[in-house]
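Throughout, read-outs are computed from the coordinates displayed, never taken from laboratory work. Just so we're clear, the structure is a prediction, and the values are computed from it rather than from any experiment. FYI the Cβ positions are ideal-geometry reconstructions off the backbone, even for glycines, and counts take in every protein chain you see.
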Amino acid sequence: MGGSPPTPGEEREELAKFLDHVRASVAKERESLIPALQEAQRRFGYLPAEAMLAIGEHLGIPDMDVYSVVTFYNQFRLNPPGRHSIRVCMGTACHVKGGQIILDAWKRRLGIDRRQTTPDREYDLDTVACVGCCTMAPVTVVDGEVQGKMSPTRVDGILLSHQIQKGKEAREEA
Amino acid sequence: MSPNVSEAFARIRDTALARWRQTFESPNPVILVGTATCGRAAGAIETAAAFRQALTEAGRTDIPIIEVGCMGHCYAEPLVIITKPASGYPPIAYGYVTPEIARILTRDYVLGEDPSLEFILGALDTNEMIPSLKDLPRFAIETPVLLERCGFIDPENIEHAIARDAYAALVRALEMDPPAVIAEIGRAGLRGRGGAGFPTAQKWEICRKAPGEPKYFICNADEGDPGAFMDRSILESDPHSVIEGMIIGAYAVGARYGYIYVRAEYPLAVERVKKALTQSRALGLIGEHILGSDFSFDIKVFEGSGAFVCGEETALIASIEGRPGLPKHRPPFPAHRGLFGKPTVINNVKTLAFVPRIIAQGAPWFTGIAKGNTTGTAVFALAGKIVNTGLTEVPMGTTLREIIFEIGNGIPKGKAFKAVQIGGPSGGCLPETELDRPVDFESLREAGAMMGSGGMVVLDEDDCMVDVARYFLEFTQGESCGKCTPCRLGTKQMLEILTDITRGEAKMEDLNTLADLAEDIRSASLCNLGKTAPNPVLTTLRYFRGEYEAHIKEKRCPAKKCYHLMAYYILPEKCERSCEACVGTCTVEAIYVGKKRVKVIDQSKCVKCGTCLEACPPQYNAIVKISPLSELPEALPPLEEK
């Protein structure tokens with residue numbers, strides 16, 4: 001998380017590796033479908049079409065059934081992720097403490113809706129039902145880390161810290 | 001059963017106990033840092049790192065820093081316990097331990113002599129020197145059974161759990177006949193803690209007698225209710241209690257394979273459960289011939305992928321089988337035909353964690369804990385507008401008032417209590433008048449709510465009940481799997497009506513349509529997601545009808561919460577002219593300086609985030625919320641610079 005998005009070449013290579021892994025070590029049972037999809041998502045941050053097709057072929061499951069499983073569960077993503085992942089918690093405790101306001105603030109600043117990625121692939125935004133940190137509400141999970149007691153100004157603060165970090169990296173490279 | 005079982009276990013236990021004593025009964029200090037997800041969110045990892053660094057600098061890397069789970073006092077995270085027998089003090093719990101405080105504690109107490117009373121939350125045992133956590137009023141009510149070890153052991157070290165009695169009940173169970181185990185659970189009156197309260201022994205008995213091999217035993221840790229986090233906390237803090245309960249259950253019903261179905265949204269719980277399983281396998285507590293007996297049972301972890309409906313047992317089974325999580329008609333119940341068509345038991349995390357305790361301490365102990373007809377304890381997750389957020393475990397039959405006001409310490413900022421939401425999207429909102437209700441399965445159902453998984457979200461005067469009902473409907477509507485029509489279309493219609501109400505666009509007759517729809521969905525839906533989905537609406541209609549009417553008739557949101565019916569306004573007479581705190585913090589630059597330098601909100605730009613209200617210094621307190629919008633005074637024109 002937080003690394004640069006892979007180049008198309010890197011992604012192809014990783015995909016080839018993953019397909020070998022599937023053919024070599026995934027048991028040919030219907031039961032393996034969801035764990036295999038989860039593994040693909042862990043590696044790529046989303047489900048590339050090639051990965052879904054290959055898993056289906058290996059397990060002998062029609063493409064349509066694979067797709068119906070993928071679209072049924074909230075966890076699976078069909079879009080490539082951004083460099084930073086933003087997950088706004090919409091649980092009850094977060095809702096009563098202003099979760100919608102936090103989601104609105106992220107949407108406003110990033111210019112995207114939930115389940116979308118910014119055109120520069122820096123950020124992707126989504127909501128989660130509840131991350132179980134209700135005592136820290138409202139909560140946003142930024143790059144896998146739970147940020148508690150969020151406010152619109154903290155949204156700005158987090159974005160600023162990413163910008164500073166990026167500027168630093170750019171200077172180091174130059 | 002082979003007599004080697006207790007001998008085999010005695011060896012494991014002796015090693016574990018010896019190492020536990022070496023750590024905790026030596027004169028050296030031990031530092032426990034709570035690093036469950038809630039602790040981590042509050043910065044516990046940084047706190048642990050600060051202790052580590054301070055000790056390294058002092059050359060005392062021999063002092064152990066142990067990462068433990070969650071004690072339940074989430075409001076005071078990061079939480080640290082320091083044990084230092086040489087000091088003469090009992091173990092002391094410290095709250096809100098930032099890295100800075102960690103360095104001070106290391107210097108003054110761990111390495112020095114001063115227990116730094118300014119940071120303490122309380123001592124763990126009663127003593128004459130420092131106030132104890134046991135002197136808090138909540139301690140008189142709380143009865144930790146499931147949470148007993150949580151926060152005091154390293155969840156990633158099986159020896160800690162064993163030293164604190166884990167797996168002793170398994171040995172005992174393996175020496176009993178399977179029907180005797182079921183009978184003991186039956187005598188204890190254990191009922192499913194997933195929410196429905198079905199008698200556990202009965203479920204086990206049906207599965208034991210059902211034909212078909214192999215049988216499966218599943219732990220339902222798909223804690224999808226927003227607002228509930230006790231299952232996560234137990235899995236992160238004491239996973240072995242759940243694993244032990246599963247093995248005993250599997251032995252009782254004759255199951256060969258087990259699954260722990262955990263939400264993928266709980267990555268730390270998944271990781272800790274996997275580690276715990278590896279460790280119990282290494283000690284021969286799961287796998288082939290458990291502890292040298294004839295009984296074999298193995299457990300896999302299955303990660304759920306974010307579908308609330310998978311908490312329903314037939315949907316959960318479909319999900320493990322690699323299909324979309326669509327529920328099926330019951331009967332056949334899973335105990336007859338479940339996973340892969342074989343007899344299957346599905347129990348909730350808490351239900352299973354009770355099992356070893358009942359086997360170890362006996363049914364009479366368990367029935368003796370509760371005050372009412374339901375036996376045992378209940379774990380609640382306190383969140384929302386409550387001072388002491390966190391987990392609490394109380395005897396069944398404790399009143400809501402005791403839980404919210406004695407344990408939770410009431411509502412913060414001196415606001416008034418309005419309602420408590422119990423049981424998540426399947427539950428309901430109960431008002432002040434219902435607070436003296438003792439908590440158990442029946443009494444909550446009578447009030448229109450539900451035990452659910454035990455999430456308790458407290459609402460205060462600033463929360464709009466229509467908005468809360470709409471929130472839950474939006475949730476269940478989004479999570480409806482779409483298989484049956486009443487749930488798929490009915491919840492959608494209800495949601496649309498509720499949305500109209502919160503926008504001030506509804507008519508009075510809509511309330512009747514809402515109630516009718518609720519009744520239809522309740523009686524005609526296939527599974528409990530649909531059957532219980534109308535509960536939040538029905539309870540708010542029953543107890544807070546006035547609020548619905550205010551939205552419809554006056555276009556007014558009494559709590560000033562509904563986005564379309566309220567606005568922020570700066571009172572000109574209160575605004576301090578030289579202060580521009582609100583102008584600077586407004587996230588959308590909607591505040592301008594008007595005539596006489598009074599600040600004015602441009603309503604066309606305002607996104608109603610409330611940042612200005614927080615920013616306005618309390619001595620001016622010039623920003624207010626106004627509802628209905630018709631009462632909003634006309635805005636002053638901008639100041640013309642000369």
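Classify chain A from the C-alpha gyration tensor, please: rounded if a/c falls under 1.5, else prolate or oblate depending on whether a/b exceeds b/c. It comes out oblate by the Cα gyration axes.
Using a Förster distance of 25 angstrom, determine the FRET efficiency expected from the C-beta separation of B:Arg330 and B:Asp177, and round it to 0.05. So the FRET efficiency works out to roughly 0.25.
Pull up the DSSP beta bridges for the protein assembly as shown and report the antiparallel fraction as a percent, rounded to 5. Don't jump to the answer; show the numbers that get you there.
Working: 44 of 78 bridges.
About 55 percent, rounded to the nearest 5.
Shielding by partners for peptide B:261-267, expressed as the average number of C-beta atoms from other protein chains within 10 Å of each residue's C-beta, is 4.
Extending 7 Å from Cα along the Cβ direction at A:Ile164 and again at B:Thr499 yields two label points whose distance is 4.0 nm. Rg and Dmax of segment B:208-364, based on Cα coordinates, read 14.9, 43 Å. Using the Cβ-Cβ distance between B:Thr15 and A:Ala16 with R0 set to 56 Å, the FRET efficiency from 1/(1 + (r/R0)^6) comes to roughly 0.75. Between segment B:485-531 and segment A:111-127, the C-alpha centres lie 32 angstrom from each other. Centroid-to-centroid, using Cα positions, segment B:21-48 and segment A:1-73 are 39 Å apart.
Checking the cross-link pairs B:Lys274/B:Lys483; A:Lys149/B:Lys531; A:Lys149/B:Lys608 against a 26 Å limit on the alpha carbon distance flags B:Lys274/B:Lys483; A:Lys149/B:Lys531 as lying beyond it.
The mean number of partner chain beta-carbon atoms within 10 angstrom of a residue's beta-carbon across peptide B:478-486 is 1.
Exceeding 28 Å between C-alpha atoms, which entries from my cross-link table qualify? They are A:Lys97/B:Lys492; A:Lys107/B:Lys300; B:Lys215/B:Lys371; B:Lys492/B:Lys560. The partial results should precede the final answer.
Details: A:Lys97/B:Lys492 25 Å; A:Lys107/B:Lys300 39 Å; B:Lys215/B:Lys371 36 Å; B:Lys492/B:Lys560 25 Å.
As for pairs spanning more than 28 Å Cα to Cα, those are A:Lys107/B:Lys300; B:Lys215/B:Lys371.
The alpha carbon convex hull volume per residue for chain B rounds to 170 Å³. Taking a ≥ b ≥ c as the square roots of the Cα gyration tensor eigenvalues, with a/c under 1.5 meaning rounded and otherwise prolate when a/b beats b/c, else oblate, which class fits segment B:465-553? Prolate, since a/c reaches 1.5 and a/b exceeds b/c.
Extension gain, B:Lys415-B:Ile206: 0.36 nm per intervening residue step, less the Cα-Cα distance, totals 70.2 nm.
Across every direction, the projection of the convex hull enclosing the Cα atoms of the protein assembly as shown has a mean area of 37.9 nm². Helices in the protein assembly as shown, meaning DSSP H runs of at least 4 residues, each add -39500 (n - 2.57). Divided by all residues, the mean residue ellipticity at 222 nm is -12000 deg cm²/dmol. Computed from the alpha carbon positions, the gyration tensor of segment A:8-72 leads to an equivalent ellipsoid with semi-axes of 18, 13, 10 Å, biggest first. Under the criterion of Cα pairs below 8 Å and six or more residues apart, the relative contact order for chain B equals 11 percent.
Just check segment B:566-631 against the gyration tensor rule for me: Cα atoms, a ≥ b ≥ c as the square roots of the eigenvalues, rounded for a/c under 1.5, and otherwise prolate or oblate depending on whether a/b exceeds b/c. Since a/c stays below 1.5, the shape of segment B:566-631 is classed as rounded. Shown in residue order for segment A:21-36 are the 3J(HN,Hα) couplings computed by the Karplus curve 6.51 cos²θ - 1.76 cosθ + 1.60 at θ = phi - 60°: 4, 4, 5, 7, 10, 9, 5, 7, 9, 4, 4, 7, 4, 5, x, 5 Hz (x for Gly and Pro). Extending 7 Å from the Cα toward the beta-carbon at both B:Leu489 and B:Asp516 defines two label points whose distance is 1.4 nm. Once both axes come from the Cα atoms, what is the angle between helix A:49-59 and the longest principal axis of chain A, in degrees from 0 to 90, rounded to 10? That works out to roughly 40 degrees.
Fully extending the segment from B:Thr61 to B:Gln361, taken as 0.36 nm per residue of separation minus the present Cα-Cα distance, adds 104.0 nm. In straight-distance terms, cross-link reach from A:Lys17 covers every one of the lysines whose alpha-carbon lies under 20 Å from its own, apart from those fewer than eight places away in the same chain; here that gives A:Lys28.
Within 10 Å of the Cβ of each residue in B:301-309, the mean number of Cβ atoms contributed by other protein chains is 5. Peptides B:352-358, B:115-121 ordered by packing proxy, namely the average of other Cβ atoms within 10 Å per residue, highest first: B:352-358, B:115-121.
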